[in-house]
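Notes follow once the structure below has been shown.
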Amino acid sequence: MGVLGCGVLVFALFFQCHSRSVQNPVFRSKRFQDRAWSDPNDCSRTRQPFVLSNPYNFSLDIRIPGVIPTESDSYYCMAVPVPTSWEAYIVDFVPHASMDTAHHMILYGCKTPYATQGYWDCGKELGTCLDQAKIMYAWARNAPPTKLPKDVGFKVGGDTRINYFVLQIHYGDVTNFRDHHRDCSGLTLRMTSKPQPFIAGMYLMMSVDTVIPPGKKVTNADIACTYTSSPMYPFAFRTHTHSLGKVVSGYRVRNGQWTQIGRQSPLLPQAFYPVANTIDVKNGDILAARCVFTGEGRTTNTQIGGTSNDEMCNFYIMYYMDNSRAVPYMSCGDDSSSELFRNIPSEANIPIPVSPDHMMSMKHESAPQKDVVDLQEPKREEEVLDQGAHLVEVSDWPEADLQLGQVSGLALNSNGDLIIFHRGDHIWGINSFINGIYQQKDLGPIQQSTIMVVDPVKGKVLKASGRNMFYMPHGITTDKDDNYWVTDVALHQVIKLSSDGKDRQLLVLGEAFEPGSDKKHFCQPTDVAVDPVTGNVYVSDGYCNSRILKFSPEGKYISHWGAGSLDRKRRVPFWIPHSLAFLPDKRELCVADRDNGRIQCFRADTGEFVKEIKKEQFGGEVFAIAYSPAQGGLIYAVNGEPPYGQATPLQGFVINYSTKEILDSFSPDTQKFKLPHDIVVTADGSVFVGDAASDSVIKFVLSAKAEHRSVKKGGIEVQEIEETETFVQANLKPLPKFPPQHPVAAVQKMQEPSQTQPQQPPAAPEEKTTLKTVANQSARGMSTAIITTLLLVPLVLVITIGVFIRWKRGRMYSDDCQVKLDSSGSAGGILGKIRGKAAGSLNLGNFFASHKGYTRHGFDRLSTEGSDLEKDDEDGTDSENEEYSAPPAPMSSS
């Protein structure tokens, strides 16, 4: 028993040593313990960089150490060791940066940074890491924060080859530092040692052989690969090109259906953005991406490469996978045939307007820069209408007559099918209503099917319903379950219907044929909108009343409000609130105030007034509106003839939500609008307008899609790929190689804080664990303890020697069981090696040395990005702070 007790004591000492190696705040961060700061621009206070909230959870604070940048567009980097030699998981990123100072910052993980002490200029000769730098987080001004989903973590430490974090900060305009204050921007990593159910990873899609001919307005770089791994779940994306890139889009293709993962202008801050759709990617799906470039302003071919004179086409997908089958890094570098991309949504070839204050800083050739400004700063509406992507009528839609009555409402279901609400043989005439009361009740309900589901491509009727239910249909919308919500101005009711064709009334608001102005009555309600998140229902009421009512999903009254104004003394009431559009990405509700000729928007939760859009081109009437989140938010509207005054042309409008500018106006070519009554816009940018006077629905598409040739946006002609010859072989010229550098010589000494105050460690959130997990861990621990105890007697001597050796190693850092930093790390990693078709590390020297006869000169160290701004070096040297620009060389079979 004495021997057994001795063995237990030895093991207790052993695990205590290991525990303290993780818990001690200064282990592996000793050099950093007195050199961390709190808020950006406040470097006066000492901040504990490593905070342990419990034996499992901890946080690591990484701050640039009080720098004062002296040049605009400068880049500074610093490295911090992963605070544990065992595997850990990053579960949250908390940025500490001010848009007044930092333009953007990127966090990389790698095994060997360029330096381990102080900070260094990583925007010129030096890069971020000596080996591969794996991008893990990006923050940029005016970009949304990157949030990991629950139970998802980036795996670092241990044998992941991520032993260091490298923080890179780009300072755009240094005029903010004229007062010589120091900057301590950075971020806090919230980490845990508990294995996470899901592992975060990165899927990189990159073009390899694209060539951009000089002067050619449009060149498309297409990438596609068949996915062959376990299911992955994208939750964020990032795009990257140099100065010639105009728009980058990524998609999942399943059974011929294209679903957008993300689409962004590379001129915007190149941070990670939330995916456009919540999807999964399974074995057999195709991942496809397109980068659109222009060669205007160039005099020679532009190839894929690492210098500022070259280009890059990268689409990053941040995803998570099940822990047991996780692949932390994957890539795709295949140039796909044009056949697949003939069906790519037209949006992929339409540049995204970007305001100058949101642009990424670009130091490239000046010739294409003017083109960029034209794209983002349309000076006059005429320029926009001439240069913008124009909506044109599809004259042969529908292919067969739909036999409609007065078309009053349009909607879309979750499949993208068009839903038409019409009045059959009932006609709204001058004798239909007196004082809001319906006068033709004796006609009975409409006997025809008033709700028709139509194929948006060919116009074929898929389903029809709504017989013998309605007297005077008006507005229609759908909810997230594809139920119909309709208004009937004769019944003075809002009705929720099932969409299964059985015409089941699921909810009815208002009393039939009884108008009113209280909480339980309407007077000719015009339209309805449903919040896809909360299910709350909004009703515009209407021809007699001038208000918006809000109800719960169960039909319980919540609130109501009238017209808004920034000047309460001059508030003009609604004059027939005729149409509603819910803005899910902005959490707002917009109202077409018909006879006031304006659009007003309100906060959906409170009814607080946000903005008003009123244009002379409306002519005093706005009949209907629709919304698309594309390009930061677009409002589609149709006007009407005013009851008095001079009439303006009847037409549709595309309006920038943020700037209120009219980007496009449109009308049919084969006919004229007579009474455009409702409008909807599809995910691919197609527009449908219902005309109540001509009993028809008219389809419009962007000119690029209609002609399948080209569309102009901001002066750039975007063309579809016509021939595969666009993708010719890259003729990359060898890049001059840097002379040997000594990174440490360029590293600045860390600045000491000017004042010392008591440490204020931030509290990390407690990690939640299920009862099942705890039970499993306890059971495993108990079984291990019993077996180990039984084996202790013959192994006491060996264990004692091991403890002694470990104790001696710990003495190298302190007298308290510190663990020595092993800078060498080990193989494997979260974002380490490209898997699938390309194996080995990502080294452009190796790749180009074995690809088409190119030399490795100038590519040896070019493997990572550190900058979204690629500088135009006079000496023609390659940029050391770039992203992956090519896959590694294939492994030799010999």
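The values are calculated or read from the model by the stated rules, or taken from the named source; none is laboratory data. In this text, all values refer to a predicted model and were calculated from it rather than measured experimentally. A quick note on method: Cβ atoms are made from the backbone with ideal geometry, for glycine too, and the neighbour counts reach across all protein chains shown.
May I ask you to list the residues in the stretch 249-267 that are crowded, with 19+ Cβ neighbours inside 10 Å and not in a strand (DSSP E or B)? Of everything in the stretch 249-267, those that are crowded, with 19+ Cβ neighbours inside 10 Å and not in a strand (DSSP E or B) turn out to be 265, 266, 267. Out of curiosity, is residue 507 at pLDDT 95 or above and under 42 Å from the mean Cα position of the chain (by Cα)? Criteria met by residue 507. Of all residues in the stretch 155-182, those satisfying the criterion of being touching a Lys or Arg at 6+ places or on another chain (Cβ under 9 Å) and assigned to a strand (DSSP E or B) are 164, 167. Within the stretch 268-293, the residues that satisfy the criterion of being in contact (Cβ under 8 Å) with a residue 60 or more places away in the chain and in contact with a Leu (Cβ under 8 Å, 6 or more places away or on another chain) are 286, 288, 293.
Please verify whether residue 76 is more than 22 Å from residue 194 (Cβ to Cβ), at pLDDT 80 or above, among the aromatic types (Phe, Trp, Tyr) and crowded, with 22+ Cβ neighbours inside 10 Å, treating the condition exactly as stated. Yes, satisfied. When the stretch 610-649 is filtered for residues that are over 26 Å from residue 353 (Cβ atoms), among the acidic types (Asp, Glu) and in contact with a strand residue (DSSP E or B) (Cβ under 6 Å, 6 or more places away or on another chain), only 621 remains.
Identify all residues within the stretch 525-548 that are in a strand (DSSP E or B) and either under 27 Å from the mean Cα position of the chain (by Cα) or within 18 Å of residue 410 (Cβ to Cβ) (or both); write none if there are none. I'd like the intermediate steps shown before the answer.
Going residue by residue through the stretch 525-548, those that are in a strand (DSSP E or B) are 525-530, 537-541, 547-548.
Of everything in the stretch 525-548, those that are in a strand (DSSP E or B) and either under 27 Å from the mean Cα position of the chain (by Cα) or within 18 Å of residue 410 (Cβ to Cβ) (or both) turn out to be 525, 526, 527, 528, 529, 530, 538, 539, 540.
Checked against the criteria, residue 233 does not count as crowded, with 24+ Cβ neighbours inside 10 Å, farther than 28 Å from residue 171 by Cβ and out of contact with any Gly (no Cβ under 7 Å at 6 or more places or on another chain). Restricting attention to the stretch 104-123, the residues being under 30 Å from the mean Cα position of the chain (by Cα), part of a loop (DSSP other than H, G, I, E, B) and not hydrophobic (A, V, I, L, M, F, W, C) number 2.
Being assigned to a strand (DSSP E or B), basic (Lys, Arg) and farther than 30 Å from residue 56 by Cβ is the requirement here; does residue 190 meet it? It would help to see each step written out before you state the result.
Numbers: assigned to a strand (DSSP E or B): yes; basic (Lys, Arg): yes; farther than 30 Å from residue 56 by Cβ: no.
Taking the combined requirement at face value, the residue does not satisfy it.
Residues that are modelled with pLDDT of 90 or more, under 27 Å from the mean Cα position of the chain (by Cα) and buried (at least 24 other Cβ atoms within 10 Å of the Cβ) are absent from the stretch 136-147. Hey, among the residues in the stretch 322-354 that are among the polar types (S, T, N, Q) and surrounded by fewer than 15 Cβ atoms within 10 Å (Cβ to Cβ), which one's modelled with the lowest pLDDT? The selected residue is 337. For the stretch 119-135, taking the residues that are over 19 Å from residue 74 (Cα atoms) and surrounded by fewer than 24 Cβ atoms within 10 Å (Cβ to Cβ), the one that is modelled with the lowest pLDDT is identified as 131.
Looking at the stretch 216-234 only, could you name the residues that are of a type in the set (Phe, Trp, Tyr) and not in a loop (DSSP other than H, G, I, E, B)? The answer is 233, and nothing else.
Taking the condition touching a helix residue (DSSP H, G or I) at 6+ places or on another chain (Cβ under 7 Å) and closer than 30 Å to residue 194 by Cβ, does residue 249 pass?
Numbers: touching a helix residue (DSSP H, G or I) at 6+ places or on another chain (Cβ under 7 Å): yes; closer than 30 Å to residue 194 by Cβ: no.
Criteria not met by residue 249.
None of 476, 446 is touching a strand residue (DSSP E or B) at 6+ places or on another chain (Cβ under 7 Å), at negative phi and of a type in the set (A, V, I, L, M, F, W, C) except 476.
Give the stretch 478-515 a look and list any residue that's farther than 19 Å from residue 449 by Cα, in a strand (DSSP E or B) and acidic (Asp, Glu), or say none. Steps first, please.
Let us first name the residues in the stretch 478-515 that are farther than 19 Å from residue 449 by Cα, namely 479-481, 492, 507-515.
From what's left, in a strand (DSSP E or B): 507-509, 511, 514.
Within the stretch 478-515, 511, 514 meet the criteria.
So that you can scan it fast, the table gives a plain yes or no per residue for (1) surrounded by 13 or more Cβ atoms within 10 Å (Cβ to Cβ); (2) at negative phi:
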site	(1), (2)
495	yes, yes
500	no, yes
503	yes, no
506	yes, yes
509	yes, yes
515	yes, yes
522	yes, yes
525	yes, yes
531	yes, yes
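Look through the stretch 366-413, keep the residues that are among the small types (Gly, Ala, Ser) and at pLDDT 95 or above, and return whichever of them is surrounded by the most Cβ atoms within 10 Å (Cβ to Cβ). Please lay out each step first, then the result.
Going residue by residue through the stretch 366-413, those that are among the small types (Gly, Ala, Ser) are 366-367, 388-389, 395, 400, 405, 408-409, 411.
After this cut, where a residue has to be at pLDDT 95 or above as well, the list is 405, 408-409, 411.
On the way: 405: 17, 408: 27, 409: 29, 411: 24.
Residue satisfying both the conditions and the ranking: 409.
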